[in-house]
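Report on the structure given below.
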Amino acid sequence: MTPNNLVHENERLDELHRNGYYIIQDPGRFCFGMDAVLLSGFARAREGDRVIDLGTGTGIIPILMEAKTQASDFTALEIQEESADMARRSVQYNHLEDKIKVITGDIRDASKIFGASSFDVVTTNPPYMIGQHGISSASDAKAIARHEVLCSLDDILRESARLLRPGGRFYMVHRPFRLAEIFVGMVAYKIEPKRMKLVYPYVDKEPNMVLIEGLRGGKSRLTVEKPLIVYKEQGVYTDEIYDIYGY
């Protein structure tokens, strides 16, 4: 396929400001947000690491992390075939077929698909909302991305623990109102919370995102990093946000 044929009708090609990479998205489905970009900047992958992104959507996190890290390869797991297909075409557009593999499959079966202790790093930007409130159709792409329709937080933590080798690292972006539940679940599956960063839209507002790092089989010690402020003022990002985006 030529680059022009990779982008289908009703889709758009968005520049990522990293390594000249682009991503294919459909505005009618779920497009990536700032949370995915922030997670790609928070997560750490060393040279030679094998990384898996659970619920990859259109592949934004593996593509950005490939640009930012020296990890050896990335696996992207996505249950919705339409999103997985867009992710594959984005990988192809950026000539990353040797580095990123997109697999269509269910997070709940991840350890069966890939095997136990098969990755050094797990990343995930999971659905934040519990239950069905506000959902018109459980098959709606946006509903699946935002609500725990097809997998729960427990599913993600259980499978992440199984996928990670001992000493492997877990990275997730979520909402602060679920922090207690997140930490209890991580500890239950022996993913020890090690690092946390709260994200505030403005310096005088409550945080609306939290970035979390866990260590498989780690000892109990949590570092709370300085907060990340998104906007200096209306419509003007802080310098740290511009740096994460690569502007």
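The values are calculated or read from the model by the stated rules, or taken from the named source; none is laboratory data. Since this is a predicted model, take the numbers as computed values, not measurements. For neighbour counting, all protein chains shown are included, and Cβ atoms are generated from backbone atoms with ideal geometry for every residue, glycine included.
Kindly evaluate Thr56 against the criterion of being within 14 Å of the chain's Cα centre (by Cα) and modelled with pLDDT of 95 or more. Yes, satisfied. Among the residues of segment 216-224, is any over 17 Å from Gly41 (Cβ atoms), in contact (Cβ under 8 Å) with a residue 24 or more places away in the chain, among the β-branched types (Val, Ile, Thr) and surrounded by fewer than 16 Cβ atoms within 10 Å (Cβ to Cβ)? Scanning segment 216-224 turns up at least one residue that is over 17 Å from Gly41 (Cβ atoms), in contact (Cβ under 8 Å) with a residue 24 or more places away in the chain, among the β-branched types (Val, Ile, Thr) and surrounded by fewer than 16 Cβ atoms within 10 Å (Cβ to Cβ).
Selection of segment 68-82 for residues being over 10 Å from the mean Cα position of the chain (by Cα), among the small types (Gly, Ala, Ser) and either at pLDDT 95 or above or closer than 20 Å to Leu153 by Cβ (or both) yields only Ala71. Of the residues making up segment 1-53, those that are part of a strand (DSSP E or B), over 14 Å from the mean Cα position of the chain (by Cα) and acidic (Asp, Glu) are Asp14, Glu15.
I'd like to know if segment 211-232 contains one or more residues that are over 30 Å from Ser118 (Cβ atoms), part of a loop (DSSP other than H, G, I, E, B) and of a type in the set (S, T, N, Q). Before you say what the answer is, go through the steps one by one.
Going through segment 211-232, the residues over 30 Å from Ser118 (Cβ atoms) turn out to be 224, 226-232.
With the extra rule that they be part of a loop (DSSP other than H, G, I, E, B), the set shrinks to 226-227, 230.
Filter again for of a type in the set (S, T, N, Q), leaving none.
No: segment 211-232 contains no residue that is over 30 Å from Ser118 (Cβ atoms), part of a loop (DSSP other than H, G, I, E, B) and of a type in the set (S, T, N, Q).
Could you please let me know if Arg18 is crowded, with 19+ Cβ neighbours inside 10 Å, more than 21 Å from Val122 (Cα to Cα) and not β-branched (Val, Ile, Thr)? No: the conditions fail for Arg18.
Picking from residues in segment 174-202 that are out of contact with any Asp or Glu (no Cβ under 9 Å at 6 or more places or on another chain) and either among the aromatic types (Phe, Trp, Tyr) or part of a strand (DSSP E or B) (or both), the one that is surrounded by the most Cβ atoms within 10 Å (Cβ to Cβ) is Ile191. For segment 203-215, filtered to residues that are loosely packed, with under 14 Cβ neighbours inside 10 Å and among the acidic types (Asp, Glu), the residue that is nearest to Ala36 (Cα to Cα) is Glu206.
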